[in-house]
Amino acid sequence: MQTETASYLTSPSPVVLIVYKKEPYQYCAVFVNQTREQAEALFKQKYTVEPGSDYEVKEYENVESYSVAENGELLVNGSYK
């Protein structure tokens with residue numbers, strides 16, 4: 001599994017990961033210090049989510065650092081909500 005460069009946060013923070021699969025692509029978006037609702041609203045502004053399409057949302061708390069793997073998983077130093 002290959003990962004991107006780790007991101008380090010200045011203080012432990014909530015993080016929301018949204019993974020949207022639209023063949024042949026997979027979109028992964030990470031939001032820091034946002035509520036789930038805020039993150040989903042921003043995601044929908046940026047990407048056109050087709051009607052009936054689904055995306056996965058994962059929430060984490062007290063994250064100090066993270067990186068996103070190719071398979072859409074978030075590797076965190078923190079805890080899953």
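Could you give me the residue pairs with C-beta distances under 6 Å whose first residue belongs to the stretch 13-35 and is part of a strand (DSSP E or B), whose second residue is of a type in the set (Phe, Trp, Tyr) and open to solvent by less than 50 Å² (accessible area, probe 1.4 Å) wherever it lies, and which are 6+ apart or on separate chains?
Note: pairs meeting the criteria are Val15/Tyr60; Val16/Phe31; Ile18/Phe43; Ile18/Tyr55; Tyr20/Tyr55; Tyr27/Tyr20; Ala29/Phe43.
Which of the residues that make up the stretch 65-74 are part of a strand (DSSP E or B) and either among the acidic types (Asp, Glu) or surrounded by 15 or more Cβ atoms within 10 Å (Cβ to Cβ) (or both)?
First, pick out the residues of the stretch 65-74 that are part of a strand (DSSP E or B): 65-69, 74.
Tyr66, Ser67, Val68, Leu74, listed by residue number.
Tell me, yes or no, whether the stretch 15-32 has at least one residue that is aromatic (Phe, Trp, Tyr), under 13 Å from the mean Cα position of the chain (by Cα) and modelled with pLDDT under 85. Outline the logic, then answer.
Here is the first cut: in the stretch 15-32, the residues aromatic (Phe, Trp, Tyr) are 20, 25, 27, 31.
So of that shortlist, the ones also under 13 Å from the mean Cα position of the chain (by Cα) come out as 20, 27, 31.
Narrowing the set further to residues that are modelled with pLDDT under 85 leaves 27.
Yes.
Within the set of pairs 6 or more residues apart or between chains, which connect a residue that is open to solvent by less than 90 Å² (accessible area, probe 1.4 Å) inside the stretch 41-64 to a residue that is of a type in the set (Phe, Trp, Tyr) and not in a strand (DSSP E or B) with Cβ atoms less than 8 Å apart?
From the stretch 41-64, the pairs are Val49/Phe43; Tyr55/Phe43.
How many residues, within the stretch 13-28, are open to solvent by 10 Å² or more (accessible area, probe 1.4 Å), of a type outside the set (Phe, Trp, Tyr) and within 16 Å of Val68 (Cα to Cα)? Walk me through how you get there before you give the answer.
At the first step, the residues of the stretch 13-28 found to be open to solvent by 10 Å² or more (accessible area, probe 1.4 Å) are 14, 19, 21-28.
When the remaining residues are screened for being of a type outside the set (Phe, Trp, Tyr), the result is 14, 19, 21-24, 26, 28.
If we keep only those that are within 16 Å of Val68 (Cα to Cα) too, we end up with 14, 19, 21, 26, 28.
Result for the stretch 13-28: 5.
The values are calculated or read from the model by the stated rules, or taken from the named source; none is laboratory data. Keep in mind it's a predicted model, so treat the numbers as computed, not measured. Because the Cβ atoms are built from the backbone with ideal geometry, glycine has one as well, and the counts that use them run over all protein chains shown. In case anyone asks, the SASA skips ligands and DNA or RNA and just uses the protein heavy atoms, side chains included. Shrake-Rupley method; radii C 1.70, N 1.55, O 1.52, S 1.80 Å.
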